[in-house]
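Student: Dropping the structure in here first, questions after.
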Amino acid sequence: WSVIDLKDGDEVLAAGEATDHDRLVFVSTDSSLLTFEARNVRPQGRTAGGMAGIRLAEQCHVAAFAVVPEKEVAWDYEEGENGLFSASGAVVLTVAGDSEALAGTENGSAKVTPLEMYPTKGRGTGGVRSQRFLKGQNTLIRAFVGSYPLRASTQSGAAVELPKPDMRRDGSGTDLASPIAVVG
C-alpha cells in the first residue's frame, strides 16, 4: 500500500511533525522564503497527494524545509560592548553562489537572519526574498533553518565561521572562508 498518492513528476521533499502554532519554513534556490503556521495545512489521509508549499519559479527547487517549534520562533538577544552577547531563537542561514560552479567547491556568501524577520504568507505563494544576490551570484547553494547558534563545517570537519545575525531580511551576505559541507 502507498503512504501518499503522488502524481507523475511530483516528489516528497520533506516531512515533519508539527502542532498548529509551529512554523513551516521553505527556502528555494532563487532565494525565496515562505513561512506560515502549520494550522494552515489540513490533515490528510494516505490517499492524499501532499500539499502546496512554496510556489517555485522555473528552474528552481526547494533548498531547505523546516518545522520550527512555536517556542523557538521568537528572537531574543542581548547586546554588550563588543556586540552580540547572547541570543536564542530560530534563524535562517542562506549561502549565495554561482549555479555554474562545481558543487562543494564554492565558498559562497552567507547570511544568518532571525526567522521572525520574515513575514508569514499564505501557502502556495512565492514568499519573500531571503538574500540579495551580488555580481556573480544567481542561486542559493545552501540553506538551513535551525536554532541559534548554528555551527558549520567543511567536508574535512574544519569549522566554518558564520557571520553574526543580520536583521535585514533581504540583505546580501558575507564571504565565507571555506565551502560549507555540514550545518547544524
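Student: Select from the range 173-184 the residues that are loosely packed, with under 15 Cβ neighbours inside 10 Å and either touching a helix residue (DSSP H, G or I) at 6+ places or on another chain (Cβ under 8 Å) or assigned to a loop (DSSP other than H, G, I, E, B) (or both) and list them in ascending order.
Tutor: The answer is Ala177, Gly184.
Student: Something else about it: Might you check whether a residue that is touching a Lys or Arg at 6+ places or on another chain (Cβ under 6 Å) and either assigned to a loop (DSSP other than H, G, I, E, B) or of a type in the set (D, E, K, R) (or both) occurs anywhere in the range 154-169?
Tutor: yes
Student: Do any residues in the range 71-84 that are on the phi > 0 side of the Ramachandran plot have Cβ atoms under 7 Å from those of residues that are outside any strand (DSSP E or B), where the two are at least six apart or on different chains, and which pairs are they?
Tutor: Cβ pairs passing all conditions: Gly83/Lys164.
Student: I'm trying to understand the selection: among the residues of the range 124-153, which are in a loop (DSSP other than H, G, I, E, B) and either touching a His at 6+ places or on another chain (Cβ under 7 Å) or crowded, with 20+ Cβ neighbours inside 10 Å (or both)?
Tutor: Answer for the range 124-153, where residues must be in a loop (DSSP other than H, G, I, E, B) and either touching a His at 6+ places or on another chain (Cβ under 7 Å) or crowded, with 20+ Cβ neighbours inside 10 Å (or both): Gly127, Ser130, Gln131, Gln137, Tyr148.
Student: Can you tell me which residue is modelled with the lowest pLDDT among those in the range 122-151 that are among the β-branched types (Val, Ile, Thr) and farther than 27 Å from Ser88 by Cα?
Tutor: Thr125
Student: Scan the range 61-73 and tell me whether some residue there is farther than 20 Å from Val183 by Cα, at pLDDT 95 or above and not in a loop (DSSP other than H, G, I, E, B).
Tutor: There is at least one residue in the range 61-73 that is farther than 20 Å from Val183 by Cα, at pLDDT 95 or above and not in a loop (DSSP other than H, G, I, E, B).
Student: Are any residues in the range 6-50 in a loop (DSSP other than H, G, I, E, B), surrounded by 15 or more Cβ atoms within 10 Å (Cβ to Cβ) and at pLDDT 90 or above, and if so, which ones?
Tutor: Residues satisfying the conditions are Ala18, Asp22, Thr29, Asp30, Ser31.
Student: Right, Thr105: hydroxyl-bearing (Ser, Thr, Tyr) and buried (at least 16 other Cβ atoms within 10 Å of the Cβ) or not?
Tutor: no
Student: Would you check if there is a residue in the range 51-72 being loosely packed, with under 10 Cβ neighbours inside 10 Å, among the polar types (S, T, N, Q) and over 24 Å from Gln137 (Cα atoms)?
Tutor: no
Student: Taking the range 82-99, which residues are surrounded by fewer than 16 Cβ atoms within 10 Å (Cβ to Cβ), part of a strand (DSSP E or B) and out of contact with any Phe, Trp or Tyr (no Cβ under 8 Å at 6 or more places or on another chain)?
Tutor: Gly83, the sole residue that qualifies.
The values are calculated or read from the model by the stated rules, or taken from the named source; none is laboratory data. Keep in mind that this is a model prediction, so the values were computed, not measured. Heads up, the Cβs are rebuilt from the backbone with ideal geometry, glycines too, and the neighbour counts pull from every protein chain shown.
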